[in-house]
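The values are calculated or read from the model by the stated rules, or taken from the named source; none is laboratory data. Just so it is clear, the model here is predicted, and its values are computed rather than measured. All Cβ positions, even for glycine, are placed from backbone atoms using ideal geometry, and neighbour counts span all protein chains on display. Just so you know, the surface numbers come from the protein's heavy atoms only, side chains and all, with ligands and any DNA or RNA stripped out. Shrake-Rupley method; radii C 1.70, N 1.55, O 1.52, S 1.80 Å.
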Amino acid sequence: MIRGLYTAASGMMAQVVRQETIGNNLANSDTVGFKQDLTILQTGRENDVVRIPQERLQRQEIIGSMDLGVLVSLQHTSFAQGPLQETGQALDLAITGNGFFTVETPEGMRYTRNGAFNLDAERFLVTAEGDRVLGVLGPVQLPEGEVQIAPEGQILVNGQLIDTLRLVEFADPGQLQKTGSGYWSTEQAELDFNGQVQQGYLEGANVQPAEEMARMVAVLRLYETNQRVLQAHDQLTGKIVNEIGI
Amino acid sequence: MLRGLSNAASALVAQQLKLDVTANNVANLNTTAFKKKDVQFKDLLYQEEARRGNAVLPAAEKPVTAGTGTAMSAIRTDLSDGVFQVTGRELDFAVVGPGYFRVQLPDGSEAYTRAGEFRKDGDGFLVTPQGYRVQMPQLPAEEHEFRISEDGIITAITPAGEVIPLGQVMLAYFDNPAGLIKLGGNLYAASPASGEPRIEQPGPNTQIKQFALEGANVDLIVEMTNLIVGQRNFSLNARALQTLDEMMQTANNIRR
């Protein structure tokens, strides 16, 4: 009886986690380079169901198994391409295809898809956080002049090759860990970049509002359903206590 | 549960800001040399779900995390030239390309502007509409015509047709003009982010145009699109908030 109560409660808690993820996706639907997350659930631990022994010392007979509620198994990030938005700014870059820009932060190397770069006072290329963007030769410092960035990442100022953006890919981007501010971290080996850099564009978030709304409706109703199950268990317990015992 | 509420609330604040910035761009559609702004957002820290007491599969290869909403990361200024409008007024100047006119503030510090709608004060100095002196050669008090060449040389022409050279206009250039601080009234001040100004003659990429003003670089269609995006995102996140409210109500009704 009590077991069912906790099964229903775990169902409610799992829906809360899902709703938090949906809420975070929707909150970041206007964040450049954001990739949406999907909460994956799986059945809880499997337990053997044992027949209650009729006589003492009789061997316990297993009559089947039952899952105990639900667990959050992983947070899957979809790396599907986001829509490109034209800005016309020379330092706005978008990646089409797989791959990441690399950024030097106080916490170490980070990877990002947000190419809304600026210059700092020393003319280093920086992210909105003020972290320096890395080229093959180190942090990218731009002399004055017209900046052109080739699809493979070569940086040309007034036609002179300055550096090449340090662009990387990973074998399993699903294992990258989000660290906030549009950054990812990983211990994985960096692979060669096969995507393309588009100058004058930004990559919007790949959040699909309609999909998230549909998920949100499902979350709300599943939450209610689990609440009803919990209530039913409560009512059953109430009957045992108040009616059978008398 | 409560974090979900703050996720949605953070997005409402962020989208409100986007609407504010868009409204400011539209309001300054006719402001001389106005530079439009846009807002950039970022995602916030990610928290481990297991640490928060949620049931999480222990064998997960990477920790299961959930985001904590959004926040503004930057308001960026688009420094592209606005639309140049010929006014025919003698003391209207526009800077084509990078560069700023230098203005003396009453406290002695220097400010910078691209809005060249100047007039002459009693001493023959050019002043901004607020009455601040522009760093330009003094003009003679007599009824002369003035001309400024594209590379900034000012001359006066007497009614008899005599040309009197008055001097050279120097402009201020910045390594990172996006880092200038807006003072209002079309004036900017240098900041550590912009770097110190370099005072130079109008160079190969910069020209001064007389009889013209630089308009705002606001594109109304882009702004209207931003308005729609901001408004829809606002509603979307308001709906997320509402859903969480209903979920909390459901939890409260478990035991009646």
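With (1) buried (at least 16 other Cβ atoms within 10 Å of the Cβ); (2) modelled with pLDDT under 90 as the list, and B:Gly69 as the residue in question, which single condition is left unmet?
Exception for B:Gly69: condition (2).
Pick from the stretch A:168-219 the residues that are acidic (Asp, Glu) and under 22 Å from A:Thr39 (Cβ atoms): which of them is modelled with the lowest pLDDT? Steps first, please.
Step one: of the stretch A:168-219, the residues acidic (Asp, Glu) are A:169, A:172, A:187, A:190, A:192, A:203, A:211-212.
The next check asks that each one be under 22 Å from A:Thr39 (Cβ atoms); those that pass are A:172, A:211-212.
Numbers: A:Asp172: 90, A:Glu211: 93, A:Glu212: 94.
Only one residue fits best here, namely A:Asp172.
Identify the single condition in (1) modelled with pLDDT of 90 or more; (2) more than 17 Å from B:Ser235 (Cα to Cα); (3) in contact with a helix residue (DSSP H, G or I) (Cβ under 7 Å, 6 or more places away or on another chain) that B:Leu12 does not satisfy, given that it satisfies every other one.
Tallying (1) modelled with pLDDT of 90 or more; (2) more than 17 Å from B:Ser235 (Cα to Cα); (3) in contact with a helix residue (DSSP H, G or I) (Cβ under 7 Å, 6 or more places away or on another chain), B:Leu12 fails exactly one: (2).
Does the stretch A:193-210 contain at least one residue that is free of Cβ contacts under 8 Å to residues at least 60 places away in the same chain and under 30 Å from B:Met248 (Cβ atoms)?
Scanning the stretch A:193-210 turns up at least one residue that is free of Cβ contacts under 8 Å to residues at least 60 places away in the same chain and under 30 Å from B:Met248 (Cβ atoms).
Mind checking which residues of the stretch A:118-135 are part of a loop (DSSP other than H, G, I, E, B) and more than 10 Å from chain B (Cβ to nearest Cβ)?
Answer for the stretch A:118-135, where residues must be part of a loop (DSSP other than H, G, I, E, B) and more than 10 Å from chain B (Cβ to nearest Cβ): just A:Asp131.
Kindly establish whether A:Tyr183 is facing chain B (nearest Cβ under 10 Å), in contact with a Ser or Thr (Cβ under 7 Å, 6 or more places away or on another chain) and within 22 Å of A:Phe124 (Cα to Cα).
yes
Can you pull out every residue in the stretch A:79-110 that is open to solvent by less than 10 Å² (accessible area, probe 1.4 Å) and either free of Cβ contacts under 8 Å to residues at least 24 places away in the same chain or part of a strand (DSSP E or B) (or both)?
Passing the criteria: A:Asp92, A:Leu93, A:Ala94, A:Ile95, A:Phe100, A:Phe101, A:Thr102, A:Val103.
Having 1 or more residues that are closer than 30 Å to A:Val17 by Cβ is the bar; report the strands (runs of 3 or more DSSP E) wholly within the stretch B:40-121 that clear it.
B:46-48, B:65-67, B:70-77
Out of all the residues in the stretch B:3-39, which are more than 9 Å from chain A (Cβ to nearest Cβ) and either in contact with a Pro (Cβ under 6 Å, 6 or more places away or on another chain) or assigned to a strand (DSSP E or B) (or both)?
Answer for the stretch B:3-39, where residues must be more than 9 Å from chain A (Cβ to nearest Cβ) and either in contact with a Pro (Cβ under 6 Å, 6 or more places away or on another chain) or assigned to a strand (DSSP E or B) (or both): just B:Lys37.
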